[in-house]
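The values are calculated or read from the model by the stated rules, or taken from the named source; none is laboratory data. The model shown is predicted, which means the values in this text are computed figures rather than measured ones. Note: ideal-geometry Cβ built from the backbone for every residue, glycine included; neighbour counts use all protein chains shown.
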Amino acid sequence: MTIAVPESLIARVSDGIAALTFNRPGKHNAINYEMWCGIGAAMRAFEADDGVRVVVVSGAGGRAFSAGADISEFESQRNAETLAAYNRAAAEGYDALRYSGKPTIARIDGYCIGGGLGIALGCDLRIASDRSRFGIPAARLGLGYEYDGLKELVDLVGPAAAKEIMFTARRLDAREAAAIGLVNRVVAPEELEATVEEYAGQIAENAPLTVRACKRIVAEALKDPEQRDLALCAQMVADCYASEDYVEGRRAFMEKRRPQFKGR
């Protein structure tokens with residue numbers, strides 16, 4: 001199944017795995033206004049599709065995941081008159097990815113810079129080729145960086161590494177990124193697609209209710225204690241035990257076969 005999005009994006013679903021690809025290789029997959037709108041639309045479609053078990057986000061061309069926001073648009077799309085609409089579209093795109101109930105994997109090959117790194121941080125897992133490069137150049141552009149984006153970075157790599165990334169605006173290579181926990185795995189470029197496919201396939205085969213519950217509970221654990229919805233966490237766990245999938249999982253284990261989970 002293919003989802004209607006701008007030509008600058010490709011959105012497809014096959015065998016339970018959704019793929020969202022940034023399709024501006026000539027621009028290092030820099031994100032423009034129409035792409036922000038399309039990211040939100042695609043993620044909402046994936047979220048509504050019960051057949052989607054996992055979402056893989058990537059960049060076309062093999063040179064960049066995304067080099068960040070399209071700076072050439074700043075005068076037309078991020079001036080005093082248009083900034084509010086641009087920020088709204090970007091926030092909706094980020095949030096649709098960040099708060100999706102479906103597990104997400106960023107497949108990173110090449111540059112992953114600025115807003116591109118922000119998108120990768122919004123994914124649950126990040127798997128990168130060893131030629132990838134990471135950075136946030138806000139301090140070289142005079143940009144203010146929003147609280148949500150910085151908190152996400154701090155939660156992932158800790159305050160000291162986050163300060164280094166933001167203060168220096170330098171680019172980290174893939175090994176440095178892995179060492180501070182910015183990415184989960186680093187592989188050779190020729191192994192990247194197969195590695196991500198293996199991860200996505202494993203997730204797609206697992207019990208969707210369990211994966212969704214784990215994703216939500218981890219998100220709640222990162223909140224301040226008074227903001228955590230522990231009742232929701234408990235309900236999601238109870239839903240797993242009450243599901244047909246729990247019955248199927250036990251039977252498959254006893255019968256020494258692969259379970260066939262249905263997400264209910």
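Only one residue in R126, R107 is in contact with a Ser or Thr (Cβ under 6 Å, 6 or more places away or on another chain), closer than 30 Å to C240 by Cα and surrounded by 20 or more Cβ atoms within 10 Å (Cβ to Cβ). Which one? Full working, then the answer.
Numbers: R126 fails: in contact with a Ser or Thr (Cβ under 6 Å, 6 or more places away or on another chain).
Every option except R107 fails the conditions.
Look at V237 and say whether it is of a type outside the set (F, W, Y), closer than 26 Å to V57 by Cβ and part of a helix (DSSP H, G or I). Steps first, please.
Numbers: of a type outside the set (F, W, Y): yes; closer than 26 Å to V57 by Cβ: no; part of a helix (DSSP H, G or I): yes.
Considered against the rule, which asks whether it is of a type outside the set (F, W, Y), closer than 26 Å to V57 by Cβ and part of a helix (DSSP H, G or I), V237 comes out as no.
Residues in the stretch 170-214 that are among the β-branched types (V, I, T) and not in a helix (DSSP H, G or I): how many? Before the answer, list the steps.
Filtering the stretch 170-214 down to residues among the β-branched types (V, I, T) leaves 180, 183, 186-187, 195-196, 203, 210-211.
Checking which are not in a helix (DSSP H, G or I) leaves us with 180, 183, 186-187.
Counting residues in the stretch 170-214 that are among the β-branched types (V, I, T) and not in a helix (DSSP H, G or I) gives 4.
Could you grab me the full set of residues in the stretch 134-154 that are of a type in the set (D, E, K, R) and closer than 18 Å to R88 by Cβ?
Of the residues in the stretch 134-154, the ones of a type in the set (D, E, K, R) are 140, 146, 148, 151-152.
Within the stretch 134-154, E146, D148 meet the criteria.
Please give the number of the condition G51 fails out of (1) in a loop (DSSP other than H, G, I, E, B); (2) under 19 Å from K102 (Cβ atoms); (3) touching a residue at least 40 places away in the same chain (Cβ under 8 Å).
For G51, the exception is condition (3).
State all residues of the stretch 191-221 that are among the basic types (K, R) and touching a Pro at 6+ places or on another chain (Cβ under 7 Å); if no residue qualifies, say none.
Looking only at the stretch 191-221, we keep the residues that are among the basic types (K, R), and these are 212, 215-216.
Once the filter is applied, which keeps residues that are among the basic types (K, R) and touching a Pro at 6+ places or on another chain (Cβ under 7 Å), the stretch 191-221 yields only K215.
Is the stretch 179-187 home to any residue that is free of Cβ contacts under 8 Å to residues at least 24 places away in the same chain and exposed (fewer than 12 other Cβ atoms within 10 Å of the Cβ)? If you could, list the steps in order and put the result at the bottom.
First, pick out the residues of the stretch 179-187 that are free of Cβ contacts under 8 Å to residues at least 24 places away in the same chain: 179-180.
Now drop any that are not exposed (fewer than 12 other Cβ atoms within 10 Å of the Cβ), which leaves none.
No, that holds for no residue.
Would you please list the contacts, defined by Cβ atoms under 8 Å and residues six or more apart or on different chains, that run from a residue in the stretch 222-239 that is without any contact (Cβ under 8 Å) to a residue 24 or more places away in the chain to a residue that is among the β-branched types (V, I, T) and surrounded by 10 or more Cβ atoms within 10 Å (Cβ to Cβ)?
Every condition considered, the pairs that remain are C233/I217.
With respect to the numbered conditions (1) at pLDDT 90 or above; (2) closer than 25 Å to T195 by Cα, which one is the sole condition not fulfilled by G68?
(1)
Any residue at all in the stretch 238-247 that is of a type in the set (A, V, I, L, M, F, W, C) and either buried (at least 16 other Cβ atoms within 10 Å of the Cβ) or touching a helix residue (DSSP H, G or I) at 6+ places or on another chain (Cβ under 8 Å) (or both)? It would help to see each step written out before you state the result.
Of the residues in the stretch 238-247, the ones of a type in the set (A, V, I, L, M, F, W, C) are 238, 240, 242, 247.
From what is left, the residues that are either buried (at least 16 other Cβ atoms within 10 Å of the Cβ) or touching a helix residue (DSSP H, G or I) at 6+ places or on another chain (Cβ under 8 Å) (or both) are 240.
Yes, the stretch 238-247 has at least one match.
Quick check: anything in the stretch 78-90 in contact (Cβ under 8 Å) with a residue 60 or more places away in the chain and outside any helix (DSSP H, G or I)? Give the steps one after another, and end with the answer.
So the first thing to find is which residues in the stretch 78-90 are in contact (Cβ under 8 Å) with a residue 60 or more places away in the chain, and the list is none.
No, the stretch 78-90 contains no residue that is in contact (Cβ under 8 Å) with a residue 60 or more places away in the chain and outside any helix (DSSP H, G or I).
Restrict the check to the stretch 165-176 and report whether at least one residue is modelled with pLDDT under 90, farther than 30 Å from L232 by Cβ and either in contact with a strand residue (DSSP E or B) (Cβ under 8 Å, 6 or more places away or on another chain) or not hydroxyl-bearing (S, T, Y) (or both).
Residues of the stretch 165-176 modelled with pLDDT under 90: none.
No; the residues of the stretch 165-176 include none that is modelled with pLDDT under 90, farther than 30 Å from L232 by Cβ and either in contact with a strand residue (DSSP E or B) (Cβ under 8 Å, 6 or more places away or on another chain) or not hydroxyl-bearing (S, T, Y) (or both).
Which of the following residues is part of a helix (DSSP H, G or I), small (G, A, S) and surrounded by fewer than 11 Cβ atoms within 10 Å (Cβ to Cβ): A252, A231, A219?
Working: A252 fails: surrounded by fewer than 11 Cβ atoms within 10 Å (Cβ to Cβ); A219 fails: surrounded by fewer than 11 Cβ atoms within 10 Å (Cβ to Cβ).
Every option except A231 fails the conditions.
Can you tell me which residue within the stretch 131-156, out of those that are among the acidic types (D, E) and surrounded by fewer than 18 Cβ atoms within 10 Å (Cβ to Cβ), is nearest to V187 (Cα to Cα)?
First pass over the stretch 131-156, keeping only residues among the acidic types (D, E): 146, 148, 152, 155.
Keeping just the survivors that are surrounded by fewer than 18 Cβ atoms within 10 Å (Cβ to Cβ) gives 146, 148, 155.
Details: E146: 31, D148: 29, D155: 24 Å.
The selected residue is D155.
Within the stretch 196-216, take every residue that is touching a Lys or Arg at 6+ places or on another chain (Cβ under 7 Å) and β-branched (V, I, T) and give me the one that is surrounded by the fewest Cβ atoms within 10 Å (Cβ to Cβ).
Looking at the filtered set, the residue picked out is I203.
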